[in-house]
Amino acid sequence: MGFEKVRFEKDSARALEDKKLQHALVNVTNRFRSARNKASGEVADWETLRARGRDIKKETIANLDKYLCELEESVRRAGGHVHWAGDADEACRIIVDIAIRNDVKSAVKSKSMATEEIELNANLERAGIRAVETDLGEYIIQLAGEHPSHIIAPAIHKTKDDISKLFSEKFGIPYLSEPEELTKVAREKLRGEFLNAGMGISGANFGVADTGTIVIVENEGNARLTTTVPPVHVALMGIEKTIPRYEDLSLFLTLLARSATGQKSSTYVSFITGPRRETDIDGPEEFHLVLLDNGRSRILASEETRESLYCIRCGACLNNCPVYRQVGGHSYGWVYSGPIGAIINPQLMGIDSAPELPFASSLCGACRDVCPVKIDFPRVLLELRHKVVESKKENYGAGGAMIEKISVRLWRYIVTSKNFYNLTSKISYYLQLPWRSGNGSLRSLPFPFSKWTDERDFPAIAKTSFRERWKKIKQETG
Ligand code: SF4
């Protein structure tokens, strides 16, 4: 799968102009932040839990091969099928093949960033299979033909008015002003989809190695229906979502719910261990777990940035990031946004596809302070910035490095030679005149200086140097 280059600078500039978007972002992220702060403050040993969560993730990721094999064995033992997908294309092929084998015409989906990552809906559609998102936010985004802009609140950029207009246009119904009325419409539409679907597709918050249990947390009940009503359930899980033991779950469920929405526990927590058994009253006849790599092994191989894989996708870093809170999720150009997007997108997509993202941060560390598994974002971002610089050197070869070297040498020569400095100051004074504005600043210079003046003014170069003025003052005052 090829990637379009992320244009963070351009897209974020557009987002900053969108007042409606910024209002929506600040509103929602403020709500999430205060809920998270209250919920974490209620737990006396919150910091100990975070440290424990990080330790478990660190140990798991360091021994991921062992835990993945254990997970595979446990799922098979419970009657499920396990598939290994090296990349997005392979994952889509596996899922489409399962659908074709089961004569599936339509599928229901619960919220899953991994399925967004592999563009599953488009692939199912090409195979003639209708895929319907059933999480309310995802449903809205699918109707609008857009992409999610937040890990746990995909439609965060949409206002109630946007959604009312969208429903009215898509369903031919009158404009509804109450959220309850809109939810009712969505619920009625989706009920039929659940009943008719030949396949349910979900993500997975955790895959437990010792029991083969897939855990899904949610608040709407749609994931529970997705995984129990259709006769076939396929769960797509990034390999980093593995945790070693069932007994570790209570820790991670506490960290996740409190960090994400400020809840003590998510409303629905589904524990899925294989397909339906004879004594079960519901559940699918077939259960498939697709383990997705798609660049994760590459991250695993890098000791410096490996901790990016500890993420449990709570969204807290987004809600607390001063950059995300202004520019929103779409500026990050791919599935993951905010601080986690800034570190994981360049690694999954390839550094040359998203070279601006590691720089989309002030390195303030607010993300690290709230991350339930204590990912050291500033450190990882600096590592990635270093990789971007190295990659540019490789791509532009000796030419790029040479230009940089010549520019620095020239600058050093100018500022360390009095005569040359005076001469270049005089020349620059006259050269700048066509761009000088009324208030004496330079507002729009040609390339490459435009890189500065696109964002801010540049002080104009004075006609006389400080030395000359000082000399004159001294002469005048004797
Ligand atoms: S990086 Fe940490 S704070 Fe951000 S989504 Fe992942 S777990 Fe949550």
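The values are calculated or read from the model by the stated rules, or taken from the named source; none is laboratory data. The model shown is predicted, which means the values in this text are computed figures rather than measured ones. All Cβ positions, even for glycine, are placed from backbone atoms using ideal geometry, and neighbour counts span all protein chains on display. Just the protein is used for accessible areas: all its heavy atoms, side chains included, with ligands, DNA and RNA removed. Shrake-Rupley method; radii C 1.70, N 1.55, O 1.52, S 1.80 Å.
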**Request:** Provide the net charge surrounding K57, with neighbours chosen by a C-beta distance below 14 Å and charges set as Lys +1, Arg +1, Asp -1, Glu -1.
**Result:** +4
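DSSP loop (so not H, G, I, E, B), at most 15 other Cβ within 10 Å: list which GluC sites (Glu not before Pro) in region 404-478 pass both filters.
Numbers: sites: E404, E455, E468, E476; in loops: E455.
Answer by residue number: E455.
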**Item:** Distance in nm between pseudo-label sites at E42 and N102 (7 Å out along the Cβ direction from Cα)
**Value:** 3.7 nm
**Item:** Relative contact order (%) - criterion: Cα under 8 Å, at least six apart; region: region 257-315
**Value:** 28 percent
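Restricting to bridges with both residues inside the chain, how much of the DSSP beta-bridge set is antiparallel, in percent to the nearest 5?
Details: 11 of 35 bridges.
Beta bridges within the chain, antiparallel portion: roughly 30 percent.
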**Complete:** Going residue by residue through region 213-223, the Karplus relation 6.51 cos²θ - 1.76 cosθ + 1.60 with θ = phi - 60° gives ³J(HN,Hα) values, rounded to whole Hz and with x marking Gly or Pro, of 8, 9, 10, 10, 10, 6, 10, 10, x, 6, 5
**Prompt:** Is any helix in the chain, taking whole DSSP H runs, at least 30 angstrom long along its axis by alpha carbon and on average at least -1.0 on the Kyte-Doolittle scale, and which ones?
**Reply:** 19-41, 377-416
**Request:** Count charges around E47 for me, please; just the other residues with Cβ under 12 Å from its Cβ, Lys/Arg as +1, Asp/Glu as -1.
**Result:** +2
**Asked** In nm, to one decimal, how far is the E59 label point from the D369 one, both placed 7 Å along Cα→Cβ?
**Response** 3.0 nm
**Item:** Restricting region 270-299 to GluC sites (Glu not before Pro) in coil, as DSSP defines it, with at most 10 other Cβ within 10 Å
**Value:** E278
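List the equivalent ellipsoid semi-axes of the chain in whole Å, largest first, each obtained as the square root of 5λ for an eigenvalue λ of the Cα gyration tensor.
On the way: eigenvalues 502, 134, 94 Å².
So the three semi-axes of the chain are 50, 26, 22 Å.
Exposed loop sites here are chymotrypsin sites (Phe, Trp or Tyr not before Pro) in DSSP loop states with at most 15 other C-beta atoms within 10 Å. What is the longest stretch of the chain lacking them? Mind dumping the intermediate values first?
Working: sites that count: F3, Y175, F449.
Here the longest run is 176-448.
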**Request:** Compute, for M402, the solvent-accessible surface of its heavy atoms (probe 1.4 Å) with the complete set of protein chains present, and express it in square angstrom to the nearest 10.
**Result:** 100 Å²
**Message:** Can you return the lysines within cross-link range of K405? Criterion is Cα-Cα under 17 Å, with same-chain partners fewer than 8 residues away left out.
**Reply:** K392, K393
**Request:** Once you have the Kirkwood Rh of region 222-329 from its Cα pairs, apply Stokes-Einstein at 4 °C and 1.567 mPa s and quote D in µm²/s.
**Result:** 78 µm²/s
**Prompt:** Going by a ≥ b ≥ c, the root eigenvalues of the Cα gyration tensor, does region 130-212 fall in the rounded group (a/c under 1.5), the prolate group (a/b larger than b/c) or the oblate group?
**Reply:** prolate
**Request:** Report the paramagnetic label zone for K19: residues of region 145-179 whose backbone N is under 19 Å from a point 7 Å from Cα along the Cα-to-Cβ axis.
**Result:** 157-162
**Asked** Over region 44-129, what relative contact order in percent results from Cα pairs under 8 Å that are six or more residues apart?
**Response** 23 percent
**Item:** Between region 83-133 and region 281-312, the alpha-carbon center distance in angstrom
**Value:** 16 Å
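Using 1/(1 + (r/R0)^6) with R0 = 51 angstrom and r between the beta carbons of R130 and S428, what's the FRET efficiency to the nearest 0.05?
Numbers: r = 64 Å, r/R0 = 1.25.
E between R130 and S428, to the nearest 0.05, is 0.20.
Once every DSSP H run of n ≥ 4 in the chain is given -39500 (n - 2.57) and the sum is divided by its residues, what mean residue ellipticity at 222 nm do you get, rounded to the nearest 500 deg cm²/dmol?
Values: 21 runs with 251 residues, N = 478.
After summing the helix terms and dividing by the residues of the chain, the value is -16500 deg cm²/dmol.
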**Message:** Here is the link list: K165/K189; K418/K472; K109/K241; K66/K111; K105/K189; K111/K387. Which ones come out longer than 21 Å on Cα distance?
**Reply:** K66/K111; K111/K387
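Work out how much length S465 to W84 would gain on full extension: take 0.36 nm times their residue separation and subtract the Cα-Cα distance, in nm to one decimal.
On the way: separation 381, 0.36 × 381 = 137.16 nm, distance 6.85 nm.
Extra length from S465 to W84 when fully extended: 130.3 nm.
Within 10 Å of each candidate Cβ there may be at most 16 other Cβ atoms; applying that plus a DSSP loop requirement, which trypsin sites (Lys or Arg not before Pro) in region 70-111 survive? The partial results should precede the final answer.
Details: sites: R76, R77, R93, R101, K105, K109, K111; in loops: K105, K111.
Hits after loop and neighbour filter: K105.
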**Asked** Which value in nm describes the separation of the simple spin-label points at N196 and T159, placed 7 Å from the Cα toward the beta carbon?
**Response** 3.4 nm
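Using R₀ = 60 Å, calculate the FRET efficiency as 1/(1 + (r/R₀)^6) where r is the Cβ-Cβ separation of R277 and E169; round to 0.05.
Values: r = 45 Å, r/R0 = 0.75.
Step by step, r from the Cβ atoms, then E = 0.85.
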**Asked** Measuring from centroid to centroid over Cα atoms, what is the spacing of region 1-44 and region 206-232 in Å?
**Response** 28 Å
